[in-house]
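Okay, structure first, notes after.
The values are calculated or read from the model by the stated rules, or taken from the named source; none is laboratory data. Predicted model, so just to flag it, every value in this text is computed and none were measured. With ideal geometry, Cβ positions are generated from the backbone for all residues, glycine too; neighbour counts draw on all protein chains shown.
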Ligand SMILES: Cc1cc2nc3c(=O)[nH]c(=O)nc-3n(C[C@H](O)[C@H](O)[C@H](O)COP(=O)(O)OP(=O)(O)OC[C@H]3O[C@@H](n4cnc5c(N)ncnc54)[C@H](O)[C@@H]3O)c2cc1C
């Protein structure tokens, strides 16, 4: 490839930074331009609702690379730069400052942004969202001064923030329209395990309800009104109701878009010189035989490099088993696969579910389609291999602690 080729990456977060790293590792010696609208160099978001939010992890630990890495590796990192338009015909992107950057190949790694709750009073001070490091710092400061927190949404971010708020000594009420926590992510059975964990820590759940209005005084939130008409005192509200993929550039350029930027298994979009990876990509997944959009850290960590290799013409078929982890109080867990309601017909457990030291296997037609290890470690790779194998496994063996998962 000619040395003067320019590969542009839009989105300077985990996906974008890992893609740049892989381009260099794989020997690409052209120009790499990494454009990001945030002012921080690429960082990882999971600590923002866990250790960093709790004040237990230093800021220096969240970054993907050391500050000098970009210059040392010839990566032209441009921060505080918003890309406003993509022109796949002219092969260039436009920037908010009026400039343009031409590319030979482009990677869209624009991620996602929090879904907003459209309720009266939603713009009052003290109604917070969590996506960026600044949000986490604002939330940490707010938790110090808060006593009654309302969390809107019992998804991962809502529950992790709830755990942090309890650790900060706040009373917390979680308002969730579904009948259980984490319904969309895990289904009702395992969602119940997490709700019980929080209840034991004194958290109150209002399932089957939504927040219809925020009220306040002096511009600051003081109450959240639920769909049942109840009024909850709240000096801090955290809204965690999901994320929306940042597809604006792709849509504006006429690329195929639908729940993310549509891409093939090589992470190539409908425009041949444009790739997409990470939270924004809805890519064909060979294991599932359909397009899948995964909003997990590991998909950024692995998807960025996969896109980079594909850009280098290495014939990529990106088929990583989706992987997710969470820490709440003293519970740590990893999940492999996508155990969404409707994708499984049975769950088999091994270990002590009540004591929260177990593995759960979600099965469909006798094969394991997803697995979660809770306070049990060094088994997730074996669970992923089991999912990938698609083989039918005897339930008695799945439940038997004496049968290593690798031997199932
Ligand atoms: C608080 C929090 C906790 C999380 N915890 C976990 C966890 O425990 N486990 C887990 O597996 N996953 C977790 N995740 C999810 C994980 O962080 C995401 O999957 C991951 O950040 C996706 O990386 P990405 O690079 O694809 O997108 P993002 O991290 O969203 O980064 C995209 C970047 O692109 C920039 N950008 C967007 N549009 C433009 C534009 N037009 N011009 C320039 N720049 C642009 C954005 O500003 C952003 O910096 C968490 C997420 C959050 C927010």
Just one listed residue, out of 174, 221, 180, is surrounded by 16 or more Cβ atoms within 10 Å (Cβ to Cβ), in contact with a helix residue (DSSP H, G or I) (Cβ under 8 Å, 6 or more places away or on another chain) and in a strand (DSSP E or B), and it is 174
Verdict on residue 372 being farther than 22 Å from residue 399 by Cα and either at pLDDT below 95 or surrounded by 22 or more Cβ atoms within 10 Å (Cβ to Cβ) (or both)
no
Subset of the stretch 335-349, residues free of Cβ contacts under 8 Å to residues at least 60 places away in the same chain and buried (at least 21 other Cβ atoms within 10 Å of the Cβ), comes to 336, 337, 338
Within the stretch 266-286, residues being buried (at least 24 other Cβ atoms within 10 Å of the Cβ) and either more than 16 Å from the ligand (Cβ to nearest atom) or assigned to a loop (DSSP other than H, G, I, E, B) (or both) number 2
Residues of the stretch 5-33 classified as in a loop (DSSP other than H, G, I, E, B), away from the ligand (no atom under 16 Å from the Cβ) and under 20 Å from residue 87 (Cα atoms), total:
1
What tally of residues in the stretch 34-49 results from selecting those that are under 19 Å from residue 137 (Cβ atoms) and more than 9 Å from the ligand (Cβ to nearest atom)?
2
Cβ pairs under 6 Å, 6+ apart, first in the stretch 67-88 and under 18 Å from residue 107 (Cβ atoms) and modelled with pLDDT of 95 or more, second within 15 Å of the ligand (Cβ to nearest atom) and assigned to a loop (DSSP other than H, G, I, E, B)
79/39; 82/37; 82/96; 84/96; 86/253; 88/253
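With the structure loaded, tell me whether residue 295 is within 20 Å of residue 308 (Cα to Cα), assigned to a loop (DSSP other than H, G, I, E, B), in contact (Cβ under 8 Å) with a residue 24 or more places away in the chain and under 22 Å from the mean Cα position of the chain (by Cα) or whether it fails that test. Steps first, answer last, please.
Numbers: within 20 Å of residue 308 (Cα to Cα): yes; assigned to a loop (DSSP other than H, G, I, E, B): yes; in contact (Cβ under 8 Å) with a residue 24 or more places away in the chain: yes; under 22 Å from the mean Cα position of the chain (by Cα): yes.
Spelling it out, residue 295 is indeed within 20 Å of residue 308 (Cα to Cα), assigned to a loop (DSSP other than H, G, I, E, B), in contact (Cβ under 8 Å) with a residue 24 or more places away in the chain and under 22 Å from the mean Cα position of the chain (by Cα).
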For the stretch 169-189, how many residues are away from the ligand (no atom under 16 Å from the Cβ), more than 20 Å from residue 117 (Cα to Cα) and touching a residue at least 40 places away in the same chain (Cβ under 8 Å)?
4
From the list 63, 52, which residue is surrounded by fewer than 18 Cβ atoms within 10 Å (Cβ to Cβ) and within 15 Å of the ligand (Cβ to nearest atom)?
63
Name the residues in the stretch 50-83 that are within 14 Å of residue 134 (Cβ to Cβ) and touching a strand residue (DSSP E or B) at 6+ places or on another chain (Cβ under 9 Å), would you?
59, 62, 79, 80
Of everything in the stretch 362-378 that's part of a strand (DSSP E or B) and within 22 Å of the chain's Cα centre (by Cα), which residue is farthest from residue 338 (Cα to Cα)?
374
Among strands (runs of 3 or more DSSP E) entirely within the stretch 80-147, at least 2 residues that are buried (at least 19 other Cβ atoms within 10 Å of the Cβ) and within 11 Å of the ligand (Cβ to nearest atom) occur in 83-87, 105-108
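Out of 250, 234, report the one residue that is touching a strand residue (DSSP E or B) at 6+ places or on another chain (Cβ under 7 Å), over 20 Å from residue 129 (Cα atoms), touching a residue at least 24 places away in the same chain (Cβ under 8 Å) and surrounded by 23 or more Cβ atoms within 10 Å (Cβ to Cβ). Let's see the steps before the verdict.
On the way: 234 fails: over 20 Å from residue 129 (Cα atoms).
Answer to the selection: 250.
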Counted residues in the stretch 300-317 being in contact with a helix residue (DSSP H, G or I) (Cβ under 6 Å, 6 or more places away or on another chain) and closer than 24 Å to residue 5 by Cα come to 6
Residues of the stretch 204-216 being over 24 Å from the mean Cα position of the chain (by Cα) and not in a strand (DSSP E or B), in sequence order, are 208, 209
